[in-house]
Amino acid sequence: MEISLEVLGPTARALRVTVPQQQFVEQVENRLRQLSRTLRIKGFRPGKVPVQVVRQYHLPQVYGEVMEKLANDSLREALAAEEVNPVVDPKVTVEEYGEDRPMKYQARFDVYPELAESKIAGVELTDPEVAVEDAEVEEGLERLRRQDVDWKAMERAAAPGDQVAFLYTTCGMDETLAEIAEDSPDLVLVLEPGAMLEELHEHLQGMAAGDEKSVQVAFAERTDGHPLSGQTRQFRIRVQEVREAVLPDWEDAAWLAKCGGAGATREDIRSSVRAHLDYRRTEMRREYLAGQITQGLAAAKEPALPVPESLREWCLSVRLKEMGVPPEQELGEDHPAHRVALMDAQRITVFQALRALSGAEPSEQDMQQVEEAYAGQFKDSAAAKRNVRSNPDVRGHLQREASWDALIRWTLDRARVNKERMTLEQLGARAGR
């Protein structure tokens, strides 16, 4: 077998392979004999079809099967001989074949770019210093209570934080507003900032059960495709019920058991909330630093690490599948899937190049710390640890986290690093959470 490797660009490669004529002929004859023992052809007994008859009717099929097998088998050998590892499966094109000549094909593929350690020194990183504050833990505890809120009907006017059930009719500004009937549409809103249809909240505040009024609501411009974005509409609303939030009591043993397991105390749940926030802080720090490293190496105008095009295409195909977009549908370069696919490909490129340069792999201690942090946020941490061991998807995710931790440590030792104190909320905003 003859092999030649051609460098087509920073990451693009072409491997040309010549398979000896005799090897092609032998494979064709072997396949013809196999088919002669299994094919059913009229006029011949099963298993007794002459090879020449099989050749007459099935030679194109046999050629195709042999070419595929020889290309697959020889390509593995050729890649190993040249010590190259394609990013994704190579695209193989057979250029010449036949029983009277050698089989020749070309395999095009990308490899991950090599990274020079000197490039790491030019990357500037901000390493966040974040402590989980007691106030954040208490806020987390209150969120737990609000998840199990009970709503009690009250004979008073609605105030912020209340839940209001009401009937309504609505129309445009140039239409006649209909009266409210018993079969009019109904809505239930919690009067709080940022909630759906927040524009109605100020009109509902101060209304009690049975109150009715007509109002005009100017809806702000929104970018999420809301059907009322930028419109001004008339509403007639009639309040049916005003309800006050009743939160679970910290002395309620049944509720404590629901949140933290049998016999759980408020302190147990507080510890679990803190562990969850600690895990989020670790995740967001990793994501923030990995994003900075990626930007520094793969997203500059003259990147130290060019992104292999085949990797970007593969990431795009994965994203489109997740979004349910047919592969044949044409998308513009400004489509969100293209941007996300590029970011995915950049991060994978940086990860692989850093691992090749540094040789840094997660230690047993790294993996143990990641597993402990993951399991600590669940009320049954022992069950969570068993899930890590039995679920390959969860374990694979945690292994990638531990690998990033090892690579980030190695990079922090070589890059220009600034420490910055920030809150968990600020870190989440920078990490895109």
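State whether the residues of region 1-10 include one that is among the aliphatic types (A, V, I, L, M), over 30 Å from Glu114 (Cα atoms) and touching a residue at least 12 places away in the same chain (Cβ under 8 Å). The answer is no; no qualifying residue exists. The number of residues in region 292-313 being in contact with an Asp or Glu (Cβ under 6 Å, 6 or more places away or on another chain) and assigned to a helix (DSSP H, G or I) comes to 1. Residues in region 73-82 that are within 31 Å of the chain's Cα centre (by Cα) and open to solvent by 80 Å² or more (accessible area, probe 1.4 Å): Arg76 only. Screening region 314-433 for helices (runs of 4 or more DSSP H) wholly inside it with 3 or more residues that are open to solvent by less than 60 Å² (accessible area, probe 1.4 Å), touching a helix residue (DSSP H, G or I) at 6+ places or on another chain (Cβ under 7 Å) and among the hydroxyl-bearing types (Ser, Thr, Tyr) returns no ranges. Across region 239-284, the qualifying residues are those that are outside any helix (DSSP H, G or I) and polar (S, T, N, Q), and the one among them that is surrounded by the most Cβ atoms within 10 Å (Cβ to Cβ) is Gln240. Considering each residue of region 216-238 in turn, at least one proves to be buried (at least 16 other Cβ atoms within 10 Å of the Cβ), touching a helix residue (DSSP H, G or I) at 6+ places or on another chain (Cβ under 6 Å) and in a strand (DSSP E or B). Selection of first residues in region 155-173 that are acidic (Asp, Glu) and of second residues that are in a loop (DSSP other than H, G, I, E, B), restricted to Cβ pairs under 8 Å at least 6 apart or on distinct chains, gives the following pairs, ordered by first then second residue: Glu155/Ala208; Glu155/Ala209; Asp162/Leu191. Being at pLDDT 90 or above, open to solvent by 70 Å² or more (accessible area, probe 1.4 Å) and closer than 22 Å to Ala356 by Cα is a property that does not hold for Glu129. Here region 26-50 is the region considered, the condition is being hydrophobic (A, V, I, L, M, F, W, C) and either open to solvent by less than 30 Å² (accessible area, probe 1.4 Å) or in contact with a Pro (Cβ under 7 Å, 6 or more places away or on another chain) (or both), and the residue that is farthest from Val94 (Cα to Cα) is Val49.
Only helices (runs of 4 or more DSSP H) whose full extent lies in region 99-209 are considered here, and the ones with at least 2 residues that are closer than 30 Å to Val307 by Cβ are 117-120.
The values are calculated or read from the model by the stated rules, or taken from the named source; none is laboratory data. This structure is a prediction, so every number in the text was calculated from the model and none was measured. All Cβ positions, glycine included, derive from the backbone under ideal geometry; neighbour counts span all protein chains shown. Heavy atoms of the whole protein, side chains included, go into the accessibility calculation; ligands, DNA and RNA do not. Shrake-Rupley method; radii C 1.70, N 1.55, O 1.52, S 1.80 Å.
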